[in-house]
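> Take a look at this one; I'll ask things after.
The values are calculated or read from the model by the stated rules, or taken from the named source; none is laboratory data. All figures in this text were calculated on a predicted structure; none of them were measured in a lab. Methodologically, a virtual Cβ is constructed for each residue, glycine included, from the backbone with ideal geometry; neighbour enumeration extends over all protein chains shown. Heads up: the accessible areas ignore ligands, DNA and RNA and are worked out on the full protein's heavy atoms, side chains in. Shrake-Rupley method; radii C 1.70, N 1.55, O 1.52, S 1.80 Å.
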Amino acid sequence: INDFSYLHTNCFELSIYVGCDKYPHESELPEEWENNRESLIVFMEQVHRGIKGIVRDVHGKGIPSAVISVEGVNHDVRTGE
């Protein structure tokens, strides 16, 4: 569903598996966190990369369904309603 959401709704979803056990026991979670803490924090910091902002008209109103294209990226996105 992640690829479908990205391509057809502009919703970027991620599934991250940090071990072989998809459903670790609750008692194993602290160890799993410690084993992956640094890499997960660095990953979360990446939210500050890229282009972000608000598309507005000359009066400062948001423009619904405006198409945003980036040269070299074969995926346009649209602003929300």
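> On the protein heavy atoms, probe 1.4 angstrom, tell me the percent of accessible surface of the chain carried by carbon and sulfur.
Carbon and sulfur atoms account for 56 percent of the accessible area of the chain.
> Once amide H atoms are built 1.01 Å from N in the peptide plane, which residues 5 or more positions from Val77, or in another chain, come under 5 Å H to H?
So Val77 has HN proximity to Ile68.
> Please state the charge dipole magnitude for the chain, taken about the Cα centre, from unit charges on C-beta atoms (+1 on K and R, -1 on D and E), reported in debye and rounded to the nearest 20.
Using Cβ point charges on Lys, Arg, Asp and Glu, the chain gives about 640 debye.
> Report relative contact order for the chain in percent, whole number only (criteria: Cα-Cα under 8 Å, sequence separation at least 6).
Relative contact order here is 18 percent.
> On to the next question. Tell me which label goes with the value of Cα extents along the principal axes in Å computed from the coordinates here: [x] 37, 34, 21; [y] 64, 29, 16; [z] 55, 26, 24.
Correct label is [z].
> Using each residue's phi in the range 24-33, evaluate 6.51 cos²θ - 1.76 cosθ + 1.60 at θ = phi - 60° and report the 3J(HN,Hα) Karplus result to the nearest Hz, with x for Gly and Pro.
Going residue by residue, I get x, 5, 3, 5, 8, 5, x, 5, 4, 4 Hz, with x marking Gly and Pro.
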